[in-house]
Each structure stands twice: as structure tokens, then as C-alpha cells.
1. Say we look at the stretch 397-426 and pick out the residues that are of a type in the set (A, V, I, L, M, F, W, C) and assigned to a loop (DSSP other than H, G, I, E, B); which of these is surrounded by the fewest Cβ atoms within 10 Å (Cβ to Cβ)?
2. Can you pull out every residue in the stretch 313-343 that is among the polar types (S, T, N, Q) and more than 25 Å from His250 (Cα to Cα)?
3. Among the listed residues Leu417, Leu368, identify the single one that is of a type in the set (A, V, I, L, M, F, W, C), in the same structural domain as Leu273 (by TED's automatic domain parsing) and over 22 Å from the mean Cα position of the chain (by Cα).
4. Exactly one condition in (1) under 21 Å from Gln20 (Cα atoms); (2) modelled with pLDDT of 75 or more is not met by Leu152; state its number.
5. Mind telling me which of the residues Lys134, Lys167 ends up being of a type in the set (D, E, K, R) and modelled with pLDDT under 75?
6. Could you list, in sequence order, the residues of the stretch 381-396 that are free of Cβ contacts under 8 Å to residues at least 40 places away in the same chain and part of a strand (DSSP E or B)?
7. Return the only residue of Pro186, Pro197 being part of a loop (DSSP other than H, G, I, E, B), over 30 Å from Thr357 (Cα atoms) and either modelled with pLDDT under 85 or in the same structural domain as Ile278 (by TED's automatic domain parsing) (or both).
8. Out of Ser356, Ser409, Ser423, report the one residue that is more than 30 Å from Ile13 (Cα to Cα) and modelled with pLDDT of 95 or more.
Amino acid sequence: MGEIKVPELAESISEGTVAQWLKQVGDFVEKGDYIVELETDKVNVEITAEDSGVLTELLAGEGDTVQVGEIIARLEANGEAKAAPSAPAETPAPQKEEPVQQQEAKQEVAPAAEVKEQPAQQKQWLIASPAARKAARERGIKLDQVPTTDPLGRVRKHDIDLYADQKTAQQKEEKAQAANQSKPVPSPAVNEGSDKPVERVRMSRRRQTIANRLVEVQQTAAMLTTFNEVDMTAVMALRKRRKDKFFEQHDVRLGFMSFFTKAVVAALKKYPLLNAEIQGNELVIKKFYDIGIAVSAPDGLVVPVVRDADRKTFAGIEGNIVELAKKARDNKLALKDLQGGTFTITNGGVFGSLMSTPILNGPQVGILGMHKVQLRPVAIDEERIENRPMMYIALSYDHRIVDGKEAVSFLATVKELLEDPESLLLEG
């Protein structure tokens with residue numbers, strides 16, 4: 001009998017959530033096959049089988065939290081594959097109410113057949129994940145009362161949760177109706193609110209982690225934000241002149257992010273406390289520049305890291321960002337892609353944001369927010385006003401170690417470098 005255990009995930013991760021079983025009971029599993037997908041605080045991890053055999057038991061259901069080293073499934077090396085899902089598949093979901101109708105008909109014509117078929121019908125009805133069985137026991141719910149939308153007839157934990165919520169809502173409504181009958185004038189607020197449609201969606205583990213970390217930063221850091229604006233005329237003109245040749249030479253497009261990354265690195269070298277973090281009573285001032293680039297992924301915001309950004313060319317930075325963004329969209333980021341950033345850049349402008357206050361990506365003490373480029377009238381001198389492509393930029397910083405003068409000077413340095421982009425070549 002083989003066992004499937006939760007492997008060591010990373011030094012800082014001790015548990016995960018079962019996101020999806022890729023194999024089911026009765027399936028034959030080859031050594032190296034993916035069996036289950038775990039969702040951790042940072043990335044999703046697929047666990048493979050270390051031996052071949054038939055999957056005989058699942059000890060954790062989808063949505064369950066499991067610890068590193070915990071046994072979550074068992075394999076039988078000499079077992080025979082069983083088409084476990086095939087029996088429910090032969091009976092489509094709409095026929096789940098059929099046994100009641102059949103029983104009423106068979107009571108008159110063939111009671112013996114009814115007795116013979118009842119165990120099979122009951123077996124189909126009670127196919128449920130371990131998490132669903134546990135939830136049903138805790139709430140005193142009978143599994144055969146719970147409807148499911150699963151095409152194979154399997155009862156899952158979210159079916160239990162939905163059934164319990166509906167039952168609670170029904171009980172509240174019955175109590176409200178009983179109370180209203182004893183009152184001469186019903187309460188319109190209760191009636192109006194009870195009929196409003198809602199949808200309950202379980203927060204993913206990653207979304208819960210993001211929420212907890214953002215709240216933690218707000219509660220522990222003395223966060224302030226300072227703003228400035230950048231005239232993007234020179235950067236956009238340089239891009240226009242160089243973009244075709246740049247793409248031809250490097251097979252990657254010249255975007256804004258490489259300019260901003262280079263400007264941030266130069267400013268961090270000048271103001272090193274923004275490249276630090278607090279550990280107890282000490283400041284850890286980092287002499288390397290691993291810049292996190294915030295990326296919107298399907299499961300939530302992630303911040304993959306461009307390593308040694310100070311040593312990379314414009315093409316190297318752009319290529320690295322494209323690679324990390326693709327891995328984020330495909331949910332293929334590894335833990336090493338997300339760990340150890342020293343400063344973060346986030347670009348809300350791609351979604352149309354004109355101005356915002358970015359939240360620190362702890363334990364970092366600085367984050368730069370980019371925004372939408374928009375034409376605005378700018379005074380060139382006392383007599384001339386021109387429409388220029390302008391971008392608001394924001395620096396959120398931890399005031400515990402970064403003073404306002406240093407933060408404002410950092411942002412002014414970024415502005416100056418971007419408005420004279422050729423200077424970035426010298427800085428690099």
C-alpha cells in the first residue's frame with residue numbers, strides 16, 4: 001500500500017489547500033503522474049506519484065487544508081483499475097429524483113425489484129468527498145438530502161455549504177413569516193431584504209493571504225505616500241525612434257517598465273534606505289537590487305521578481321518581465337520567482353488608473369506606483385503652454401525608517417531620470 005503525502009513546499013510554507021484532484025479513486029496512476037493540485041499562499045503546486053498503482057482512497061477533499069507530511073491519498077500497487085466514476089455517469093443528474101417515483105410505482109407491481117435496486121441507488125446517491133462527509137456530520141445534515149450539480153453525482157463540500165445556507169435562510173424566512181402573522185403591520189424591510197439575490201464565493205487561499213498581508217502592512221507600517229508627475233515626452237520619443245530596431249535585435253518590445261526599473265535602481269543607489277527592511281531593532285540595508293513587478297493574475301495579484309536588475313540591460317529587463325508575466329497568467333510561477341524582492345513597482349495605468357496610493361509589499365519599505373499617461377496642458381515657460389503626455393507617479397514608503405525628505409528626493413530623482421532617458425544609459 002503506497003501513500004501520497006504533502007511534500008516539503010518551501011521554508012515558509014507549512015500547509016496548503018487541496019485545489020483539485022487530478023485523479024479519482026479507481027484510476028491507475030503511473031509513477032510521475034500528477035495526482036493533485038495544491039494551492040499555497042503564493043503558488044499552486046502539483047504533486048506527483050512516487051510509485052505506480054491504483055488510487056484506492058482520498059483522505060482529503062477539495063477545499064480541505066492539509067499540512068506538510070500529511071497523508072492525503074493511498075495507492076495499491078497490485079490493484080486493478082476500477083471505473084468508479086462510470087456508474088454515476090450512466091445515470092444523469094436529473095434522474096436523482098427517479099428512485100422516489102419508481103418506489104411508488106413498484107410498491108404496487110414489483111416490491112421485490114424495489115428491494116433489489118435500492119442499495120445501488122443509495123450507493124450512487126452517497127458518493128461524496130471526505131470534506132463533504134465531514135461538513136455534513138458537523139452540521140447534522142443527511143447526505144441523501146443534499147442536491148449536487150456535479151455531472152457524476154458526487155456531493156462536494158460546497159454543496160453542503162450551499163444546502164446549509166439555503167436551509168438556514170428558509171428557517172429564518174419561516175420564523176419571519178410566523179412573526180409577521182402575529183403583527184398587524186408587517187415589516188417591509190425584512191421582506192424586501194430577504195428576497196435580494198446574492199452569491200457566496202469561497203475566497204481562494206491566495207486571496208486570503210493577500211488580504212491578510214495587506215491588512216498586516218496597514219497595521220504595522222507607518223505608511224505615507226508622496227506624489228509627483230513625469231513628462232513622458234522624451235521616453236515616448238526615444239521608444240518611437242528605437243522600438244523597431246530594438247525588437248529586431250532583441251526579439252522583445254521596448255516598453256515603459258525597463259525605463260522605470262532602471263530609474264528606480266539608480267534612485268535606490270542614491271537613497272539606500274528605500275532598499276532596506278526592518279528586522280527587530282535592526283535595519284537590513286540591501287546591496288542588491290531585486291525589483292518586484294506587480295502582475296495581475298487570474299487568481300489575484302502576484303509580484304514576481306526581476307533579479308539583479310542593476311546588472312541587466314533594457315532588453316534583459318523587458319525579456320524577464322515578459323517571461324514572468326506569462327508564467328503568472330499560466331499559473332506557472334515557482335516560489336523562487338516570488339521570493340526576496342527588495343522594492344516593488346506596480347502599474348495601475350494599464351487599467352486606466354490616473355492616480356492611486358499603492359500599499360507596501362511587506363517587508364519592503366517602498367513601492368512605486370505608475371499610472372495612465374494622459375495629455376495635459378503644461379507651462380513650458382512664462383509665455384508657452386503645450387499639451388504633454390504626463391504621468392502621475394506615487395511612492396508609498398514606511399515612515400519608520402524613511403523620512404519625508406528622502407522619499408520626496410527619491411521620487412524627484414526618478415522623475416529627472418525619466419525626463420532625460422539617455423542618462424539612464426550612464427546610470428546602467
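1. Filtering the stretch 397-426 for residues that are of a type in the set (A, V, I, L, M, F, W, C) and assigned to a loop (DSSP other than H, G, I, E, B), the one surrounded by the fewest Cβ atoms within 10 Å (Cβ to Cβ) comes out as Ile401.
2. Asn331, Gln339, Thr342
3. It is Leu417.
4. (2)
5. Only one candidate passes the filter, namely Lys134.
6. Matches in the stretch 381-396: Ile385, Glu386, Asn387.
7. The conditions single out Pro186.
8. None of the other options fit; the residue is Ser409.
The values are calculated or read from the model by the stated rules, or taken from the named source; none is laboratory data. Remember, it's a predicted structure, so these values are computed and weren't measured experimentally. Cβ atoms come from the backbone with ideal geometry, glycine included; neighbour counts cover every protein chain shown.
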